[in-house]
1. Out of all the residues in the stretch 77-95, is one or more β-branched (Val, Ile, Thr), in a strand (DSSP E or B) and either farther than 21 Å from residue 199 by Cβ or at pLDDT below 85 (or both)?
2. Can you pull out every residue in the stretch 96-107 that is open to solvent by 70 Å² or more (accessible area, probe 1.4 Å), part of a strand (DSSP E or B) and not polar (S, T, N, Q)?
Amino acid sequence: MMNENERKPFYRRNWFWITILSIFIVVSATTYVANYSFYQGKADQASISQSKNVAKKKAKKSPSFIEKYNSIKTGKNSLNKTDVINLLGQPNSTQQIDADSKLYNLTWNGTENDNDISIQITFSKDRVISKSIQGLNIDRAQLLTTEDFNKVQTGDNYNHVLNTLGDPDDYSEDNGIKTLTYESNLSEIDSTQDAFIKIEFSNNEVIYKYQQNLK
């Protein structure tokens with residue numbers, strides 16, 4: 001005679017459901033570990049990518065010394081003393097010119113492309129009225145010549161001059177009049193010669209040009 005357990009179908013027996021439950025637990029655990037590892041890897045990659053993007057954005061938000069100088073306005077829309085100090089930091093020196101008119105100079109010293117650069121800002125009543133930057137020391141492949149000088153004409157715009165002559169050795173700006181100075185490096189060949197070009201701009205156009213000792 002068959003006992004009760006032998007008459008039960010296999011799917012109603014305890015060992016069958018214990019086996020099914022064990023398989024389910026193993027599969028669930030394996031799936032969880034695999035998914036966790038996959039998404040954790042993706043999260044790590046996203047975190048690294050975000051960190052790189054933040055670093056790039058910070059780099060882009062750090063303008064050079066010259067770019068900071070170029071952003072300082074004179075004339076009608078000039079910056080005040082607080083704005084300039086926030087941009088350039090505390091000045092290295094202060095020179096009082098006229099106490100009655102509150103006229104004074106602030107000077108900043110810095111380094112750009114291995115050049116020692118000096119920025120001087122003149123204030124009147126705490127507003128910028130003029131600025132200059134020296135020490136760029138542009139290393140030109142060729143000496144500037146009268147032919148280069150003649151390529152620039154009155155009425156040419158600022159970008160045309162930069163495209164023609166390159167970056168100047170000195171920038172200055174006084175009440176909206178911008179002056180670019182180009183040293184010809186002729187003195188490196190002949191120490192008695194001081195050759196240069198000066199270009200003045202108003203409203204982004206050349207209003208005056210001058211050269212000395214160009215060949």
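The values are calculated or read from the model by the stated rules, or taken from the named source; none is laboratory data. Note that the coordinates shown come from a computational prediction; the quantities given were computed from them, not determined experimentally. FYI the Cβ positions are ideal-geometry reconstructions off the backbone, even for glycines, and counts take in every protein chain you see. To get the accessible areas, we keep the full protein, side chains included, count just its heavy atoms, and leave off ligands, DNA and RNA. Shrake-Rupley method; radii C 1.70, N 1.55, O 1.52, S 1.80 Å.
1. yes
2. 97
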